[in-house]
1. Could you check how many residues of segment 275-301 are open to solvent by 50 Å² or more (accessible area, probe 1.4 Å) and not in a helix (DSSP H, G or I)?
2. Determine whether segment 256-274 contains at least one residue that is outside any helix (DSSP H, G or I) and either in contact with a strand residue (DSSP E or B) (Cβ under 6 Å, 6 or more places away or on another chain) or surrounded by fewer than 21 Cβ atoms within 10 Å (Cβ to Cβ) (or both).
3. Just to verify a result, which residue in segment 39-88, among those that are of a type in the set (D, E, K, R) and open to solvent by less than 50 Å² (accessible area, probe 1.4 Å), is modelled with the lowest pLDDT?
4. Checking the conditions here, which among M212, M177 is part of a helix (DSSP H, G or I), within 28 Å of L120 (Cα to Cα) and within 23 Å of the chain's Cα centre (by Cα)?
5. Note down all Cβ pairs under 6 Å where the first residue falls in segment 90-116 and is within 15 Å of F47 (Cα to Cα), the second is surrounded by fewer than 24 Cβ atoms within 10 Å (Cβ to Cβ) and not hydroxyl-bearing (S, T, Y), and they're at least six residues apart or on different chains.
6. Of the residues in segment 231-255, how many are without any contact (Cβ under 8 Å) to a residue 24 or more places away in the chain and open to solvent by 10 Å² or more (accessible area, probe 1.4 Å)?
Amino acid sequence: MKSALDRKMDRILARENSGKIKKKIKNRALRKLFANKLSIFGFIIFFLIIFLCVFAPLFTPYSSTKVDLRNILSPPTGAHILGTDKVGRDIWARILYGGRISIEVGLGSALIATILGVSLGTIAGYKGGFFDGVVMKVSEILMSFPQIILVLILVTITGQSLWNLIFIFSLTGWPSMYRMARSQMLSLREQEYVQALKAFGVGSIRIAFVHMLPNAIGPIFVNITLSTAMFILQEASLSFLGLGVPLEVATWGNILNAAQDLMILKNAWWVWLPTGIVVTLFVIGINFIGDGLRDATDPTQIG
């Protein structure tokens, strides 16, 4: 005879196993992720924009840097579907090719900051001691400055270039990843399975990275998505101010830089509005993916 609790759990399991997607996907986290309509919408936007940017030559015959002085500030036409800018460059081509650089800056910086922060946080959280104290103090010093101010200072010192920007974003972004990974390790290192591994003589590095870190991977993935969106917005902000990637390189921020001209802002909406919409959609898509990952990897969320 099953108890009331057993019958309730059977009903929950039956609901989880219903539906086409849930029958095909056995992993609980994936079922929850693909059951989230907003996360699906986010994935569609994310991969659609990346596909268009990666295969840009298939979708536009124009270069992102070719100047055409006969078509300065041309509104959208059949030849230029999103018009041209103040030196005759095709806006659609600049959005596609510029997306490559902006996404590279955002995703690359987030991945480097994650690798650095999670590695330090995993070791420091598991081992503790002097190393943990030193790294914690360094992270506190970096986080005591407003990040955008620190980025502006470092850009002024190092100069404008794509790799300098990735380096600066990674340098200023790892402390949050470190503190998150460290807190996860602190909560996991007292678990019984960790004590059992120690008793069997398994090495500290193997315990931390092979057995403990996978149990904290959910929040890490969520943080990667949020960091990517943040770095893309920061690149756009810096380029809008003329302090990001050099202006001759097409990025979403450099396209928006033209909106500083009041005449273009009022009378040439096609120069900046489509790019602003693409940036907004991409960031919204990443945030929806992050929300879906957070819900799918949260063990307290049932069903």
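1. Residues in segment 275-301 being open to solvent by 50 Å² or more (accessible area, probe 1.4 Å) and not in a helix (DSSP H, G or I): 3 in total.
2. Checked segment 256-274: at least one residue is outside any helix (DSSP H, G or I) and either in contact with a strand residue (DSSP E or B) (Cβ under 6 Å, 6 or more places away or on another chain) or surrounded by fewer than 21 Cβ atoms within 10 Å (Cβ to Cβ) (or both).
3. Among residues in segment 39-88 that are of a type in the set (D, E, K, R) and open to solvent by less than 50 Å² (accessible area, probe 1.4 Å), the one modelled with the lowest pLDDT is D68.
4. M177
5. Every condition considered, the pairs that remain are L96/L52; L96/C53; L96/A56; G99/C53; R100/C53.
6. Residues flagged as without any contact (Cβ under 8 Å) to a residue 24 or more places away in the chain and open to solvent by 10 Å² or more (accessible area, probe 1.4 Å) within segment 231-255 amount to 4.
Per-residue answers, yes or no, for (1) more than 18 Å from L273 (Cβ to Cβ); (2) polar (S, T, N, Q):
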{"position": "V54", "(1), (2)": "yes, no"}
{"position": "S63", "(1), (2)": "yes, yes"}
{"position": "G78", "(1), (2)": "yes, no"}
{"position": "T84", "(1), (2)": "no, yes"}
{"position": "I91", "(1), (2)": "no, no"}
{"position": "G99", "(1), (2)": "no, no"}
{"position": "L107", "(1), (2)": "yes, no"}
{"position": "A110", "(1), (2)": "yes, no"}
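The values are calculated or read from the model by the stated rules, or taken from the named source; none is laboratory data. For clarity, every value in this text was computed on a predicted model and none was experimentally measured. Every residue, glycine among them, receives a Cβ derived from its backbone with ideal geometry; neighbour counts consider all protein chains shown. Accessible surface areas use protein heavy atoms only, side chains included; no ligands, DNA or RNA. Shrake-Rupley method; radii C 1.70, N 1.55, O 1.52, S 1.80 Å.
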